[in-house]
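The values are calculated or read from the model by the stated rules, or taken from the named source; none is laboratory data. Note that the coordinates shown come from a computational prediction; the quantities given were computed from them, not determined experimentally. When we count neighbours, we look across all protein chains shown, and the Cβ atoms used for this are built from the backbone with ideal geometry, even at glycine. Surface areas here come from the heavy atoms of the whole protein model, side chains and all, with no ligands, DNA or RNA. Shrake-Rupley method; radii C 1.70, N 1.55, O 1.52, S 1.80 Å.
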Amino acid sequence: MTQTPKSPTEQVTLTQFIIEQQRGLPDASGTFTLLLNNIVTACKQISHRVNRGALIGVLGSAESENVQGEVQKKLDIITNDIMVKALDWGGHLGGMASEEIDDPIKIPKQYPKGKYLVLFDPLDGSSNIDINLTVGTIFSVLRCREGVEPETEDFLRKGTEQVCAGFVLYGPSTMLVLTTGNGVNGFTLDQDIGEFILTHRNMRIPEETSEFAINMSNQRFWEPPVKRYIDECIAGVEGPRGKNFNMRWVASLVADVYRILNRGGVFLYPFDLRDPERPGKLRLMYEANPMAFIIEQAGGLCSTGAERVLDIKPHDIHQRVPLIFGSKSEVERLIGYYQQPTTE
Ligand code: FBP
């Protein structure tokens, strides 16, 4: 999928790519390009902090809890502040919402309000930050009524209403994966010039795969359709699937999504019986919805098992959902298993 490296004169920067895409849109005012530019500037700052890690004392716990009841890492707070500071002054936003903050984040009075809302997970996979594994930032952009103070209701919109979704990977390379509803493209940060360069044009998920990703330690809590699906994968060529499957689990959603965008696969963080009140681990508004938009734009599917994630009508900014996504044929098979009556 990766294109042959181009000479600097042939390279397409993210800014050029977005401006060329926006040219085709009659009502494009350039505001979206400026907003995206600020999101990307924040991610470059985060990339720098994550990369310097122990050298600048940002690893380890912050000894505080977020709205999810999770102990925050120092970098969860630092990256949240970087995002808010990079986005609140620009005049493009009516408001923001973050995994690390209970309520919607207001735009300070001294700054003008704009026509977009941004929801973000400032540091996804933060349980991996202290062991130097890939982490990332995930963001989702919605439209809002211009110039007014948005209510929580203004954020609770279906994933189908997203105008843009993306994530930045802080791994061996720093990469941005982006969709504005016109396919999925990948950009690599050229640290020398500080620009994201188009390196993965029109990413497509292979329809077929023999690789699954799930946290196996939760097996005893899974529902019958998931138990059946994983058992059949593990049974391999001797089993009903007649082929061997491989397993991967990075415990960083951004890294698992990026692998599936490149070589296919199916990811499951399904509903499990541990806590029936908690329908899953991952959050709809700033994890599942942006990833579902990207996965579908790359030819994959994204479901809860019972319904398309992008069609869910949200009721809470921090609500959790079961998540199954990836290569079309496997997600369709899983949806079929959910629809079949179980014998258990
Ligand atoms: P946060 O780090 O943003 O809370 O993300 C949650 C997450 O780390 C995902 O990136 C990942 O897919 C999942 O949780 C891993 O869960 P588990 O630790 O149960 O395997």
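The figures follow:
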{"item": "Helix-only CD estimate at 222 nm, as mean residue ellipticity for the chain, using -39500 (n - 2.57) per DSSP H run (n ≥ 4)", "result": "-8500 deg cm²/dmol"}
{"item": "In nm, spacing of pseudo-spin labels at GLN219 and ASN244 (7 Å Cα→C-beta vector)", "result": "1.8"}
{"item": "The range 174-221-the range 1-75 distance, computed between alpha-carbon centres (Å)", "result": "14"}
{"item": "For the chain, alpha-carbon Rg relative to the globular expectation (2.2 N^0.38 Å, N residues)", "result": "0.98"}
{"item": "Hypothetical label at GLU146: residues of the range 172-186 whose amide nitrogen lies under 15 Å (7 Å Cα-Cβ projection)", "result": "none"}
{"item": "Percent breakdown of C-alpha pair distances by 5 Å bin, ordered from the shortest bin, for the range 206-344", "result": "2, 10, 21, 25, 22, 13, 5, 1, 0"}
{"item": "Beta bridges per DSSP with both ends in the range 25-125, % antiparallel, nearest 5", "result": "45"}
{"item": "Surrounding net charge for GLN191, when Lys and Arg each add one and Asp and Glu each subtract one, Cβ distance under 15 Å", "result": "0"}
{"item": "Among beta bridges that DSSP assigns inside the range 202-344, antiparallel share in %, nearest 5", "result": "70"}
{"item": "Percentage relative contact order, the chain, counting C-alpha pairs under 8 Å, at least six apart", "result": "15"}
{"item": "Whole-percent carbon and sulfur share, accessible surface of the range 118-162, 1.4 Å", "result": "44"}
{"item": "Percent antiparallel among DSSP beta bridges (both partners in the range 74-170, rounded to 5)", "result": "75"}
{"item": "Where labels lie 7 Å past Cα in the beta-carbon direction, separation of GLN339 and ASP190 in nm", "result": "4.9"}
{"item": "GluC sites (Glu not before Pro) within the range 26-78, DSSP loop, no more than 15 other Cβ atoms inside 10 Å", "result": "GLU70"}
{"item": "In the range 53-132, the trypsin sites (Lys or Arg not before Pro) that fall in loop regions by DSSP, at most 15 other Cβ within 10 Å", "result": "LYS109"}
{"item": "Loop GluC sites (Glu not before Pro), the range 162-254, which have at most 16 other Cβ atoms in a 10 Å radius of their Cβ (DSSP)", "result": "GLU207, GLU208"}
{"item": "Radius ratio Rg over Rh of the range 166-269, counting only Cα atoms, Kirkwood formula for Rh", "result": "1.07"}
{"item": "Label-point gap, in nm, between ARG263 and HIS315 - each point 7 angstrom along Cα→Cβ", "result": "4.1"}
{"item": "Environment charge at THR179 (Cβ cut-off 13 Å; Lys +1, Arg +1, Asp -1, Glu -1)", "result": "+1"}
{"item": "Enclosed volume per residue, in Å³, of the convex hull spanned by Cα atoms of the range 1-72", "result": "207"}
{"item": "Fully extended contour minus Cα-Cα distance, from GLU10 to GLU208, at 0.36 nm per residue", "result": "67.9 nm"}
{"item": "Residue-wise HN-Hα coupling along the range 170-177, computed from phi with Karplus coefficients 6.51, -1.76, 1.60 (Hz; x: Gly, Pro)", "result": "9, x, x, 10, 9, 10, 10, 10"}
{"item": "Cα long-axis angle, helix 328-339 against the chain (0 to 90 degrees, to the nearest 10)", "result": "60"}
{"item": "For the range 14-112: relative contact order, % (alpha-carbon pairs under 8 angstrom, 6 or more apart)", "result": "22"}
